[in-house]
Amino acid sequence: MSVNKDLVAASSTPLVLAILAEGDSYGYAILQRVRELSGGALEWTDGMLYPVLHRLERTGRIEARWEKAASGRRRKYYRLTDEGRAQLADEQRQWRTVDATLRRIWSDLADGAAQGFVLPSPQRS
Amino acid sequence: MNANPPENIHAESVEALIGRWRAHLRRSRVIGQGDADELEDHLREQLDVLGAAGLSGDEAFLVAVRRIGAIDALTREFAREHSERLWKQLVFADDEDSGFAGASRKTWGALSLAVAAGVAIKLPDLLGIGFDEGTFYPRNLPFFVLPFVAVYFAWDRALSRSAWIGLAAVFTVAAVTVNLFPFDPTGSDTEVLTILHLPLALWFAVGVAYAGGRWWGSDRRMDFVRFTGELLIYYVLIGLGGGVLIATTIGLFSAIGLDAEPWVERWILPCGVAGAAVVATRLVEAKQSVVENMAPVLTRVFSPMFALLLLTFVGTKLWTGRGIDMEREMLIAFDLLLVVVFGLLLYSVSARDPEAPPGPFDWIQLTLVGAALVVDLLALGAMSSRISDFGFTPNRVAALGENLVLLVNLAVSATLYVGFLRGAAPFARLAEWQTRYLYVLAGWAAVVAFVFPLVFGFA
């Protein structure tokens, strides 16, 4: 199953922030974690992660530093800042609201279907 | 592909692929050095993983590159996030986040030449020839500035040995000649003319360096015209900044009771005048490909205004029947008018797409040139009756010559323009005429600078 592009784009910020909340990381590893979490359902073009990271860096949600990786290459690590943590909490609240709203209507629909309605009645309180 | 390629050749070819991919990324200037490092690290880790999964080097490379995404799409995303880079490169095209170390070789080369020009202009003063003593400085000013701009181009374009020698010879011969001319020390018109025309003539030597020795292709000549316009604009802007710097310097030091003016006049001003030319050269070169050029924009704004002015002038003159009062300086005023019109025409030609069909702006341009021709002919007519009364002084011959040189250019341009508007000739013909005519301008400037003093006995 794949997820539509707009949803992928919208979820990228909270997802990146949350992954960095688990610990400092770098581009490739962040993408691996996204694949792992979504079971491959969230398809990102790898390169597109970087503009997202750079925007978060510019707005102060995350900080970057260069380190020598075990491979001997220069690698750019990102760390969540306090501002980033605050933004993550805010994102969580917003996504929970969206999720809860959708859940409610999903279950109403399911109830309606069980009673033989195809569409939910407008009179329903 | 060979089923079992030797390990090292294999590794090499993947390295080469990565190198090319990276070079491709960097070509768009929104992806900086650091970004490319980051993306390359990503690519390499992906390659390691895919390699461990059993893919061969270039198979892994194909998959990894595809996963990172098409470079175009990537560049677009980076441009959206880093739009400031599109602007920042106005100043230092290859200067990246890495700062000092990343500043380009060219910029440092230009800065060194700017310092050298500053030193050169100061040297005679230090050796005892004051800035305001006699005419040494006005006469030699081009030699403190233009050779350094020429050297910048010769170095940047990697000119051949013979071209270097040729340029050096031109500047040396010119410098020796004007300094050996025995101008009348009590005040000499021909010396003033030489001072005015020498920079123009030498500017074409700079043009040869600019074109990397390939002066003969008309495209390069037009590029040099564009470069000249942009350079003037940058130079004026730097000059304005310099004025603020000087005023602030004097103001600050006077606040603590010190008079900085002599120092400013003897150091900052001359060194700045010389050095700024090289700096402006580098700036124009660096931003060349980035934003639309300024000079053509200015011609778009001013061509209609000047056309209107000239039409109004001709109309008023005919309506009121007033004659043109040919005073001594009048011819110079009309020369200036022709220079302005010539400049407007030249820069609008330089920016026009030669393939585009005739548009309203072409009509405005033709009106401008036509009106200028009418005005100038009226002036020349008024003058012709009295020209013998004035006598042939060097100033008058120079002014008259300039007038004719420009008149011929504008007259032919007008004919070519009419041909183009009637669909009889391509626009490129006009551009070619303008760039060919540069030789005439250079030749005329050289004649005034070097032949006039001889003809008029250095008077």
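The values are calculated or read from the model by the stated rules, or taken from the named source; none is laboratory data. Because the structure is a prediction, the values reported are computed rather than measured. Note that we place each Cβ from the backbone using ideal geometry, even for glycine, and neighbour counts take in every protein chain shown. When the accessible area is computed, the model is the full protein with side chains, heavy atoms only, and any ligands, DNA or RNA have been set aside. Shrake-Rupley method; radii C 1.70, N 1.55, O 1.52, S 1.80 Å.
Of all trypsin sites (Lys or Arg not before Pro) in region A:61-117, which ones are in loop regions per DSSP and have a Cβ with at most 15 other Cβ atoms within 10 Å?
Sites meeting the loop and neighbour criteria: A:73.
Sequence gap of 8 or more, or different chains, plus Cα separation below 24 Å: how many lysine pairs satisfy both in the protein assembly as shown?
Close lysine pairs found across the protein assembly as shown: 5.
Let me have the 222 nm mean residue ellipticity of the protein assembly as shown computed from DSSP H runs of 4+ only, each contributing -39500 (n - 2.57), with the sum over all residues rounded to the nearest 500.
Estimated from H runs of four or more residues: -24000 deg cm²/dmol.
What does the buried accessible surface come to for B and A, summed over both chains, with the probe at 1.4 Å? Round to 100 Å².
Adding both sides of the contact gives about 1900 Å².
Computed FRET efficiency, Cβ-Cβ of residue B:37 and residue A:114, R0 45 Å: what is it to the nearest 0.05?
0.20
Under a plain spin-label model, where a point goes 7 Å from the Cα along Cα-to-Cβ, how far apart in nm are residue B:411 and residue B:172?
Computed distance between label sites residue B:411 and residue B:172 equals 4.2 nm.
On the first, second and third principal axes, largest extent first, how far apart are the outermost C-alpha atoms of chain B in Å?
Principal axes ranked by extent give 98, 64, 51 Å for the Cα atoms.
Give me the one-decimal nm value for the distance between modelled label points at residue B:219 and residue A:32, 7 Å along each residue's Cα-to-Cβ direction.
Here the modelled spin labels are 5.0 nm apart.
In units of 2.2 N^0.38 Å, what is the alpha-carbon radius of gyration of the protein assembly as shown?
Ratio of Cα Rg to 2.2 N^0.38 Å: 1.37.
Which whole-number percent gives the relative contact order of region B:173-274, counting Cα pairs below 8 Å spaced six or more residues apart?
In percent, rounded to a whole number, it is 12.
Could you tell me the relative contact order of chain B? Use alpha-carbon pairs under 8 Å, at least six residues apart, and round to a whole percent.
19
At 0.36 nm per residue, minus the direct Cα-Cα distance, what do residue B:179 and residue B:363 gain on full extension? Give it in nm, one decimal, please.
61.5 nm
Scan region A:21-125 for GluC sites (Glu not before Pro) in coil per DSSP, keeping those whose Cβ has at most 16 other Cβ atoms within 10 Å, and list them by number.
Passing both the DSSP loop test and the Cβ count: A:43.
For the protein assembly as shown, what is the accessible area per residue in Å² when the probe is 1.4 Å?
Here the residues of the protein assembly as shown average 53 Å² of exposed surface.
What average count of beta carbons from other chains do you get within 10 Å of the Cβ of residues in A:50-60?
4
Scan region B:359-459 for chymotrypsin sites (Phe, Trp or Tyr not before Pro) in coil per DSSP, keeping those whose Cβ has at most 14 other Cβ atoms within 10 Å, and list them by number.
The qualifying sites are B:392.
In region B:231-249, whose amide N lies under 12 Å from the spot 7 Å out along Cα-to-Cβ of residue B:263? List them in ranges.
Answer for region B:231-249: B:249.
Before anything else, pin down the relative contact order of chain A: Cα pairs under 8 Å, at least 6 apart, normalised by residue count, whole percent.
Result for chain A is 23 percent.
So what's Rg/Rh here for chain A, counting alpha carbon atoms and using the Kirkwood radius for Rh?
So for chain A, dividing Rg by the Kirkwood Rh gives 1.13.
Quick one: go through region B:46-79 and flag any residue whose amide nitrogen is under 19 Å from the point 7 Å out along the Cα-to-Cβ line of residue A:5.
Those under the cut-off are B:66-79.
Please compute the length gained on full extension between residue A:95 and residue A:69, using 0.36 nm multiplied by the number of residues separating them and subtracting their Cα-Cα distance.
5.9 nm
Helix B:161-180 against the longest principal axis of chain B: what's the angle in degrees, Cα atoms only, rounded to the nearest 10?
Helix B:161-180 sits roughly 30 degrees off the main axis of chain B.
Could you work out what % of the accessible surface of region B:243-321 is carbon and sulfur, using a 1.4 angstrom probe and leaving DNA, RNA and ligands out of the count?
Here it works out to 74 percent.
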